[in-house]
Amino acid sequence: MIADDVAGSAAPAGTAVDWEQVARDLAPIPSERGTARVRRMSRDYHWYSPVLRERLKDVIADLVVSPRTEAELAMVVRYCARRRLAITPRGGGTGNYGQSMPVEGGVLVDCTGLDQILWLRDGVVRAGAGALLRSIEAETVKSGWELRFHPSTWKMATIGGFVGGGTTGCGAINYGTLHDAGNLLGLRLMTMEEEPRFIELRGADLEKAIHAYGATGIITEVEIALAPHQDWREFVVSFPTLRQALEASWAVAHADGVAKKELAVIDWGAAQYFDDLLDRLRPDQPIIMASVAASSREAFLRLTAQAGGEVVFDRSATPESDIPPLYEFCWNHTTLQALKHDRDLTYLQVQFPAENPVEMVLRMDAQFGSEVVTHVEVLKAQGRIRYSALQLVRYTGEQRLTEIIAHYRASGCPVRDPHTFTLERGPQYSVNPRQAAFKIETDPFGLLNPGKMPGWSPPNSAA
């Protein structure tokens, strides 16, 4: 891995910025600098990566500004564009790659004030980018609807931050990702110009902003499709071997009559860190974590029992349990649970091939032993069931991490490198040409979240 350059400034070379004056100019919009909150707001969960933990340790915004309306946001953008001051938009700050960290300083814009739920009808909701996912769902369930999928950080994540920095989560077994047609329906963006404009993206144009870290426009509104609300039941099932757990998950995933929302296989090397569940787990045994509809309970239990599974936790049997919702042990919360015990652990995002994924998971598990612990999330992508893994890795150095990534890729398992904060080397491998072309239109001076797309050069960079 090549070191990411965090030096530099988006302001003109040699120009000293009087940030106290900037704050006064932007009043009465709330702002602050040099406080503990500014330090906290300049962070996300990048520390899951020991590489980013070191590389981004000194990153901090020069000023945090908290607009409460689109009009106030436009005032901030207009002011910063005319003075060539960098802006980094931020939602709940629950990302893992430094997406919302101001690596070149400047103004961090807290978008959580744009939190209105604008409308809900016909299984579709439109909300301000700063609306919390949990707040949106609390409103939609009143009408019999729920989010199609959500990250494990559902309680803290905003809808705008999820679109700008996330991909999928609990519910992916049914609906895939934000990239799958029909999930994300519309986005309203503000451009980073001296006279900011609003652009509405729909259809194929949505790809210009999905998982772009806010570098192609500041998301102000999001429109998403919903799913009918169901009575979900949570289960943890223990298995004697990893093969049995994987084969059971594959069978459940392909059982079209079993309505499910979450399905994950987690080996003991990761499950051993689940404090709230530990007294229910079988030592040295992998588990399946699942959320299935109440109507599918019997079929789910039959399929897992046929593969040798034993139910060790059934939420419906203990509805008053103080055990957190199971999604807080899945997705990247698995990594978080482990990091509470051992900061020498980290993770990799691995996609296993659609053909014979069980055998490939077992092959990689045997290859690395305890150095890489299996954690597979089962999802649907392009209409096919897939294994998307968040493997737990024992970190012994950047060189070894690079070797592990190379081995997975050479074996036909693509890796999304979570140890870089740039789009080119992380989730996309290279500059997305549609996003790069769109950024020329929306951010002509390269002021939006600078440093995250280093392979792109703004046409007016010398202006």
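Failed condition for Val64, given (1) within 22 Å of Ala131 (Cα to Cα); (2) over 24 Å from the mean Cα position of the chain (by Cα), with all others met? Among (1) within 22 Å of Ala131 (Cα to Cα); (2) over 24 Å from the mean Cα position of the chain (by Cα), the lone unmet condition for Val64 is (2).
Could you say whether any residue in region 237-247 is outside any strand (DSSP E or B), among the small types (Gly, Ala, Ser), closer than 16 Å to Val312 by Cβ and open to solvent by less than 10 Å² (accessible area, probe 1.4 Å)? Yes, region 237-247 contains at least one residue that is outside any strand (DSSP E or B), among the small types (Gly, Ala, Ser), closer than 16 Å to Val312 by Cβ and open to solvent by less than 10 Å² (accessible area, probe 1.4 Å).
If you check Thr191, Thr220, Thr168 for being out of contact with any Lys or Arg (no Cβ under 9 Å at 6 or more places or on another chain) and of a type in the set (Ser, Thr, Tyr), only one passes: Thr168. In region 361-384, what residues are within 22 Å of Glu262 (Cβ to Cβ), hydrophobic (A, V, I, L, M, F, W, C) and modelled with pLDDT of 95 or more? Passing the criteria: Val361, Val373, Val376, Val378, Leu379. Return yes when Val252 is surrounded by 19 or more Cβ atoms within 10 Å (Cβ to Cβ), at pLDDT 95 or above and not in a helix (DSSP H, G or I) and no when it is not. No; evaluated as a whole, the condition is false for this residue.
Residues that are of a type in the set (S, T, N, Q), closer than 21 Å to Arg134 by Cα and in contact (Cβ under 8 Å) with a residue 60 or more places away in the chain within region 286-325 comprise just one, Ser291. Examine region 364-373 for a residue that is touching a helix residue (DSSP H, G or I) at 6+ places or on another chain (Cβ under 6 Å), among the β-branched types (Val, Ile, Thr) and open to solvent by less than 40 Å² (accessible area, probe 1.4 Å), and state whether such a residue exists. Yes. Restricting attention to region 404-423, the residues being assigned to a loop (DSSP other than H, G, I, E, B) and surrounded by fewer than 17 Cβ atoms within 10 Å (Cβ to Cβ) number 3. Scanning region 277-305 for residues being more than 23 Å from Gln391 (Cβ to Cβ) and either open to solvent by 10 Å² or more (accessible area, probe 1.4 Å) or among the acidic types (Asp, Glu) (or both) gives a total of 11.
The values are calculated or read from the model by the stated rules, or taken from the named source; none is laboratory data. This structure is a prediction, so every number in the text was calculated from the model and none was measured. Heads up, the Cβs are rebuilt from the backbone with ideal geometry, glycines too, and the neighbour counts pull from every protein chain shown. Areas reflect the complete protein model, heavy atoms only, side chains present, ligands, DNA and RNA absent. Shrake-Rupley method; radii C 1.70, N 1.55, O 1.52, S 1.80 Å.
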